[in-house]
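Chemist: One structure follows; several queries about it will come next.
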Amino acid sequence: MKPETFVYLAIAAALSVLFAIVSYASNNQWSQGRAAGEKLLPSLANDASRIATIEVRQGDSAVTLEKTGAGWGLRDRGGYPVDFAKVRTLLVALAEAELTDAKTRRPDRYPALELEDPAEKGAKSRLVKLSDAKGGTIGEVVIGKQRQELLVTGKSGTYVRRPGDPQAWLANAELHASFSVKDWMKTTVVAIDIGRISGISIEIPGEQPLKIEREAPAVKDGKDGKDGKDSGKEAGDTKLRFVGFPPEGKKLKEAGAAENIARAAGSIDMEDVRKLAAVPTGAGVNMVKIEVAEGPTTTLRLRKDGDSHWLSVTATGEGEAKKAADEIAKRTQGWEYKIPAAKAESILKKRADLLEAPPG
């Protein structure tokens, strides 16, 4: 090979490498002001005690959590308490997250990482903003999609970027921040073990009341137990049955219908919550009373508002049952809960709905 040929090839190779570097840099445009290993929100660990509100926004949907005297609550739900464990999990993850891998700086590539402008309609990104009591910003970050098995650690990561900074990053933390109020609350409203339910009464306006009782337990030795001796009752074998129903000549569609209603009434989760000025009354209110063995009597009031089903709860009791009733009142008084339509319908069964259709 002639010397001049070797020189030409060397120059061509150098130019090729230079072109590749320039091309890569123009596509990725790494930030020179930050390096991998830096904290996502460097000052958060020191400023955490000053955080008064947490706002999560995606498109037109948003939720704001605010610090209250008792903990944290939902600002647009009258301060309804949120699950503090979920707040703590988010704040700890944000404080500990580190930037591990620089990604694109090009806005047209943000959607692939779900880091587009959170204010855009249909955006999958979420904006998390932490503010102090005066509204000053403590920290702000756009959260994108998750990436599984980060690097060699086997842990998950999250794509992120800071508002005002075009640089996108992969952070070494799982960051979950929902804009739905439901995801921040403890959604259980009623949780009664069906085995403790001794009776239920259901009153639907315009309908004959429906009553459910636990059948009398079997007696092995013929004693009634009134003298304090073991009566031999097999309480665990008893079932809940309708009282005076079905009428003679009619049959139930389902043999376990009474227990199905009890199971539905004893386990209710909410989808949303709102302030309640007074206990609902009137023709549109359905009443369900649940009695439990050695416990409080819980009253459910269900009503429709538009297409939504709303539930309020009260409880009464004496002795030890009063203590449990007071705990229920402390948690539910002054609130009304939106519940799934299917749940309301599974509780508020009309007599005609429970019977088999006549033959023919």
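No value in this document is a laboratory result; all are computed from the given coordinates. All values reported here derive from a predicted model rather than from experimental measurement. As a convention, Cβ positions derive from the backbone with ideal geometry for all residues, glycine included, and neighbour counts pool all protein chains shown.
Chemist: Explain nothing, just the number: dipole magnitude of the range 34-184 about its Cα centre with +1 on each Lys and Arg Cβ and -1 on each Asp and Glu Cβ, in debye rounded to the nearest 20.
Modeler: Values: 24 positive and 21 negative charges, 11 e Å.
Computed charge dipole of the range 34-184: roughly 60 debye.
Chemist: To continue, here is another question. Over the range 34-184, what relative contact order in percent results from Cα pairs under 8 Å that are six or more residues apart?
Modeler: Values: 331 pairs, mean separation 40.9, N = 151.
Relative contact order, the range 34-184: 27 percent.
Chemist: What is the percent of Cα-Cα separations in the range 34-184 that go past 27 Å?
Modeler: Details: 2173 of 11325 pairs.
Percent of Cα pairs beyond 27 Å in the range 34-184: 19.
Chemist: If I model a spin label at GLU327 and ALA45 as a point 7 Å from the Cα along the Cα→Cβ vector, what separation in nanometres do I get?
Modeler: 3.9
Chemist: Taking the inverse of the average 1/r across all pairs of different Cα atoms in the range 258-360, what Kirkwood radius in Å do you get? Before the final figure, lay out the partial values.
Modeler: Details: mean 1/r = 0.0674 Å⁻¹.
Computed over Cα pairs of the range 258-360, the Kirkwood hydrodynamic radius comes out at 14.8 Å.
Chemist: Now for a different question. What relative contact order, as a whole-number percentage, does the range 252-314 give when Cα pairs under 8 Å and 6 or more residues apart are counted? Provide the component values of the computation, followed by the final result.
Modeler: Working: 46 pairs, mean separation 12.9, N = 63.
For the range 252-314, the relative contact order is 20 percent.
Chemist: So for the pair SER61, GLU203, with labels modelled 7 Å out along Cα→Cβ, what separation do we get in nm?
Modeler: Going by the 7 Å Cα→Cβ label model, 3.9 nm.
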